[in-house]
Amino acid sequence: MNIGIGGAGSKLASMASDRECTIINVSELELSKVEAKSKLLAVTHSAKGQLRGSGKNPMIGREAFSSVGQKIMDIIKDNVVFSSTGGGTGNGMTSILLEKLSNQEDSIPLDERTVFVFVLPYLNREATEYVENTIEFLGGPVSASIDSGNTGNIILFSNKLKFEGRIPESEYNKMIVDSLNSFLGIPVKGEMYRLLDGHIDFEDFDLFKSKPYFNHFTQFQWNPDEPFENQLRHNFNSLLLPPERAIEAMFLLELPDPSLTSKFYDILDYFAADNIPPVYGVVHNPEITQPQITVSLLYSRKPREIVDDFKRISDKYTRNRIKKSLEQHVVLQNRKLDKINEARRLVEESGNNTGDVLGFLKRIGKL
Amino acid sequence: MLNELLENQILNLKKPHFHILYWTAMAEEKGVLYNITNIFDDLKFIKATRTKQSAVAYVEALASLCFITINSESNRKNIYITKYGARALEYLLSKQIYKTEKSLFLEVSK
């Protein structure tokens, strides 16, 4: 069962699993906004957090983790966790989760590893806090978990296309979910359609997704007469961060016509040239008219390099913001409210209200 | 005989003693708690002393003369003027022996 942490993660988990998921949040109100089979309310001491979520403060998420931590650790095994990297609850709670996985003394068995789906902010359009939280997140917990090798695939979606294409959030979430399902559907199709060559069963697929690398997957219509390399390069998944040089690969080729089967060797040649023997399957899908391929590339670009990219672009925008604010700089008069100095001024003014004091002492019977 | 003693005691009070009595009465009038630390700050402000020991000595002298009482309340030693202290203050004010100065603490806590 999918697990969604925080507002954005919950929406995605719910959509991806048709509400058969567990969602976690610090705010009851936020939990009530998303339909899910199971809901976990994490306890935060922040009144604002209880009412409206963590905002952009990951510390609230981190503090709240302990109240539901053990439960989360139990349910994430062999499941998919969805979270955004910019917000408070998702970032904070997932950070602790990744740290706990990284610090496990024994290596986590392959069949218990968790796939993480993260949604990264788009630097050009989203709040600085989101970007800064993401930098901390990628450089810290994600980096450590990759080094520990205790997670499954890590899938990095970006909000770039959402903002550039002016796509409404619900529609964009659906695009993410459809894209993810195209990858997760590989073994289902492998079982469902007649096999023409190779084979990807659930066991192969589970082994592939339990590897601690970043996963870039894409699905496109394949033209057997064009070099595969060009087609792949032009069809990278624009919802995901672009991949680096692959370490491992998997593809499922669906052919409407079995006579095209021999053409798939061109694809194998492409991967062989890079010394990547892929896991693959070729099936006959009579429901389609054009050959379709789903490719997944595992790459191990170090999170530090992704962080550097984020920082570089973030710095550029920060500089622009500072420049803009300097251009709009208005000199404001410096006004100080200094109670002590004001009191000193009053004290220095001579004044005698001794009569009042004596009158008071008489009134209270001391004189 | 006793009146003569009281008069001598009052006339031997120094400027800091006088101000402690004066400010204590003022604080009571304002309904503000006034403690030894406030007294030290105020005496320092009017340049009557630079050390807390002296401030404590002035307060203790007034307490020994029964001009003030020191009550320990919530970890603070608050000062209250007694009937004798009130009479001493009235006497000193009537003779205009010292010029009154305002308390910094009481001004801030207005």
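The values are calculated or read from the model by the stated rules, or taken from the named source; none is laboratory data. All figures in this text were calculated on a predicted structure; none of them were measured in a lab. Quick reminder, even Gly has a Cβ in these numbers, built from the backbone with ideal geometry, and neighbours come from all protein chains shown.
Here are a few things to note about the model shown:
- Checklist (1) more than 9 Å from every other protein chain (Cβ to nearest Cβ); (2) in a loop (DSSP other than H, G, I, E, B); (3) closer than 25 Å to A:G365 by Cβ applied to B:A63, failing item: (2)
- Taking region B:32-44 as the range and being part of a helix (DSSP H, G or I) and surrounded by 23 or more Cβ atoms within 10 Å (Cβ to Cβ) as the test, the residues that pass are B:N38, B:I39, B:D42, B:L43.
- Residues in region A:202-217 that are part of a loop (DSSP other than H, G, I, E, B) and in contact with a Gly (Cβ under 6 Å, 6 or more places away or on another chain) were compared, and the one that is modelled with the highest pLDDT is A:S210.
- A:F208 closer than 27 Å to A:V119 by Cβ, touching a strand residue (DSSP E or B) at 6+ places or on another chain (Cβ under 6 Å) and not assigned by TED's automatic domain parsing to the domain that holds A:L110: yes
- Residue match in region A:58-68 (condition: among the small types (G, A, S) and under 18 Å from the mean Cα position of the chain (by Cα)): yes
- Just one of the numbered conditions (1) loosely packed, with under 13 Cβ neighbours inside 10 Å; (2) within 14 Å of chain A (Cβ to nearest Cβ); (3) at negative phi is not true of B:K47: (3).
- Subset tally (residues that are closer than 18 Å to A:I288 by Cβ and either part of a helix (DSSP H, G or I) or assigned by TED's automatic domain parsing to the domain that holds A:S148 (or both)) for region A:218-234: 1
- Residue check, B:Y98 part of a loop (DSSP other than H, G, I, E, B) and either within 9 Å of chain A (Cβ to nearest Cβ) or buried (at least 16 other Cβ atoms within 10 Å of the Cβ) (or both): yes
- Inter-residue pairs, beta-carbon under 8 Å, first at positive phi and of a type in the set (F, W, Y) and in region A:98-121, second outside any strand (DSSP E or B) and surrounded by 13 or more Cβ atoms within 10 Å (Cβ to Cβ), 6+ apart: none
- Any hit, region A:222-230, residues being under 28 Å from the mean Cα position of the chain (by Cα) and surrounded by 15 or more Cβ atoms within 10 Å (Cβ to Cβ): no
- Checking every residue in region B:28-42 against the condition of being within 13 Å of the chain's Cα centre (by Cα) and closer than 18 Å to B:L92 by Cα gives zero matches.
- Among (1) of a type outside the set (S, T, N, Q); (2) part of a helix (DSSP H, G or I); (3) in contact with a His (Cβ under 9 Å, 6 or more places away or on another chain) - the single one B:L21 does not satisfy: (3)
- In region A:1-37, residue surrounded by the most Cβ atoms within 10 Å (Cβ to Cβ) [restricted to those that are free of Cβ contacts under 8 Å to residues at least 24 places away in the same chain and closer than 21 Å to A:D74 by Cα]: A:I23
- Screening region B:66-91 for residues that are of a type in the set (A, V, I, L, M), part of a strand (DSSP E or B) and surrounded by 18 or more Cβ atoms within 10 Å (Cβ to Cβ) and picking the one that is farthest from the other protein chains (Cβ to nearest Cβ) gives B:I79.
- Residue satisfying condition, being at pLDDT below 90 and assigned by TED's automatic domain parsing to the domain that holds A:S296, within set A:G149, A:G190, A:G165: A:G190
- Odd one out for A:F82 among (1) outside any loop (DSSP other than H, G, I, E, B); (2) over 22 Å from A:I155 (Cβ atoms); (3) at pLDDT 85 or above: (2)
- Residues that are surrounded by 16 or more Cβ atoms within 10 Å (Cβ to Cβ) and within 14 Å of another protein chain (Cβ to nearest Cβ) within region B:11-31 comprise B:F18, B:H19, B:I20, B:L21, B:Y22, B:W23, B:T24, B:A25, B:M26, B:A27, B:E28, B:E29, listed in sequence order.
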